[in-house]
Amino acid sequence: MSLSFLEKVLFLIERYYPLFLSGMATTMLIAITGTVAGFVIGLVVAVIRTIPVSEHDSKFKKIALAIVKFICVAYIEVFRGTPMMIQAAVFYYGIFMGVNIDLTLAAFVIVSINTGAYMAEIIRGGIISIDKGQTEGAYSIGMNHRQTMTSVVLPQAIRNIMPSVGNEFVVNIKDTSVLNVIGVAELYFQSRSAAGTYAMAFQSFTIAAVIYFFLTFIVTRILRLIERRMDGPKSYVIYGSQTNPDAEIRIKKGGARNGRY
Amino acid sequence: MAVIELSHLEKSFGEIEVLKDISLSVDKGEVISVIGASGSGKSTMLRCINLLEKPSGGKICFHGKDIMDKGLNLSEYRAKVGMVFQQFNLFENMTALQNCVVGQIKVLRRRKEEAEEVARENLARVGMLQYINAKPRQLSGGQKQRVAIARTLSMNPEVILFDEPTSALDPEMVGEVLAVMRTLAESGYTMIVVTHEMGFAKDVSNRVIFMDKGVVVEDDTPSVIFQNPKVQRTKEFLARYFAS
Ligand SMILES: Nc1ncnc2c1ncn2[C@@H]1O[C@H](COP(=O)(O)OP(=O)(O)OP(=O)(O)O)[C@@H](O)[C@H]1O
Ligand SMILES: [Mg+2]
């Protein structure tokens, strides 16, 4: 039997497309939920880590805060400092041992916690990049730290870190492949199964590569769209003018009034 | 009773003593200009009054109440003692209107409609009503500073602190901001203005304070300070200032 490369690829697709599709679905499910949950975890950790200690605070608050911050740092160091594959193995064979946990759920937990550690640092970077002046501006009109964070700092920080969040998402789509170590039926796992039976590893993994690329490409496009939505309009409306007070004047990008956008 | 009273105020950053024994009493409706060389502690004094810095010693009273008391509601106090910064410090993610609204809703618990009404009034007052939908990055320096003033006014402050409000502006925009400040002074706001604009200090304020190396050197009417200052150091500073 001498089939060409393309014929073998088509043969695999025809025979195993349900495998590839379910692998793709599992991969995307874990990557999406893991990234979203990781973002939430990272947000909480980063916000805690940037709570200022003020001299007005009570001793109890200062000590409690120091302990919580230490736990946050330890979490980040441990989960960034060890491979996700090892984390998965330790969690699944160690901590979840004997508990009859669903594999996909275990995968979701591991990816979320792992992503959270990276997101925490990305978001903290976003927070400290917002200039201190805006925070002081908010304090000066009486806003407290929480109000300043939610209304002023975080909206800008999150917008600025969207490219890095996109990176994490893409990394997660690809890195779910390490979860085959605990037997999660994600895309790599399924491609390996498909490859095995007819000894068509090259063809099967080529199909997997194309699917991975397709997934990451779509995701990056969608994230770009979200970024643009967050930026809001490039123009603004001026109310009234010297000659006609009721006129609406639209200032377009690069308009004559001032070109600073 | 004085609106704001500093007694023996001190502030150190580590080993550096920036403010040494500052005593100052500000009455309702007074417009005080604070002048002095760079590094003399003018900003630090304003930041202590607004509690952006915690004083290391002495006392600051607002209507006779110590503002460092545990019982003080810091948010309420800061709303009553507004501050306008050299670098504007507007919220970059909000429009001019939102900049003036957010504090009213979060701090003063006003309803949105009421807050927007107040914001519009104050933006009109500083001549920025046309730009309510502009984000700070779409405005010039002078326009930004006027929005920042409207933001402070929207909190209905009793006292407004200005820290070199025109120093970051191109010369042609200084006038529009000073004009706004002049109308505020005329409408009875209590103001403490750190400034290098000697014209403003002379014409608009009714008291001028000369600071040097963390102490108040001279505190008098503009005519005394500018025409015949009593202290040698004031003379030297002004002579150097007007020579350059
Ligand atoms: N956070 C800080 N940490 C350490 N030193 C500081 C801090 N803030 C101010 N200083 C020091 O305090 C001194 C007074 O600073 P301040 O900003 O109050 O002066 P200023 O009179 O406002 O000067 P300028 O006219 O340049 O604005 C300076 O020597 C400055 O280096
Ligand atoms: Mg200063």
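The values are calculated or read from the model by the stated rules, or taken from the named source; none is laboratory data. What you are looking at is a predicted structure, and each value in this text was computed from that prediction instead of being measured. Quick reminder, even Gly has a Cβ in these numbers, built from the backbone with ideal geometry, and neighbours come from all protein chains shown. What goes into the accessible areas is simple: the full protein's heavy atoms, side chains included, and nothing from ligands, DNA or RNA. Shrake-Rupley method; radii C 1.70, N 1.55, O 1.52, S 1.80 Å.
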**Request:** Using the structure shown, decide if A:Asn167 is at the interface with chain B (Cβ under 9 Å from one of its Cβ atoms), out of contact with any Gly (no Cβ under 9 Å at 6 or more places or on another chain) and open to solvent by 50 Å² or more (accessible area, probe 1.4 Å).
**Result:** no
**Prompt:** Right, A:Gly126: surrounded by 19 or more Cβ atoms within 10 Å (Cβ to Cβ) and at positive phi or not?
**Reply:** no
**Asked** Could you give every pair whose Cβ atoms fall below 6 Å, whose first residue belongs to the range B:226-241 and is in contact (Cβ under 8 Å) with a residue 24 or more places away in the chain, and whose second residue is in a helix (DSSP H, G or I), counting only separations of at least 6 or pairs across chains?
**Response** B:Phe226/B:Lys202
**Message:** Show the residue pairs meeting these rules: Cβ distance below 6 Å; 6+ apart or different chains; first residue within the range B:163-180 and within 19 Å of A:Gly133 (Cβ to Cβ); second residue within 11 Å of ligand 2 (Cβ to nearest atom) and among the β-branched types (Val, Ile, Thr).
**Reply:** B:Asp163/B:Val194; B:Glu164/B:Val194
**Prompt:** When residues of the range A:92-125 are filtered for being touching a residue at least 40 places away in the same chain (Cβ under 8 Å) and of a type in the set (A, V, I, L, M, F, W, C), how many remain?
**Reply:** 12
**Request:** Scan (1) within 16 Å of ligand 1 (Cβ to nearest atom); (2) away from every other protein chain (no Cβ under 14 Å); (3) modelled with pLDDT of 95 or more for the single condition B:Ile16 breaks and write down its number.
**Result:** (3)
**Asked** Scanning the range B:136-157 for residues that are at pLDDT 95 or above and more than 12 Å from B:Phe88 (Cβ to Cβ), which turns out most open to solvent (accessible area, probe 1.4 Å)?
**Response** B:Asn156
**Message:** I'd like the residue in the range B:164-192 that is within 14 Å of chain A (Cβ to nearest Cβ) and away from ligand 2 (no atom under 16 Å from the Cβ) and, out of all such residues, is farthest from B:Val204 (Cα to Cα).
**Reply:** B:Asp170
**Prompt:** Do we have B:Val107 as closer than 20 Å to B:Tyr77 by Cα and in contact with an Asp or Glu (Cβ under 7 Å, 6 or more places away or on another chain) here?
**Reply:** no
**Item:** Single residue of B:Leu153, B:Leu161 found to be within 16 Å of ligand 1 (Cβ to nearest atom), touching a helix residue (DSSP H, G or I) at 6+ places or on another chain (Cβ under 6 Å), over 23 Å from A:Pro233 (Cα atoms) and within 12 Å of chain A (Cβ to nearest Cβ)
**Value:** B:Leu161
**Prompt:** Counting only residues that are in contact (Cβ under 8 Å) with a residue 12 or more places away in the chain and assigned to a loop (DSSP other than H, G, I, E, B), which one in the range A:34-85 is nearest to A:Lys174 (Cα to Cα)?
**Reply:** A:Pro83
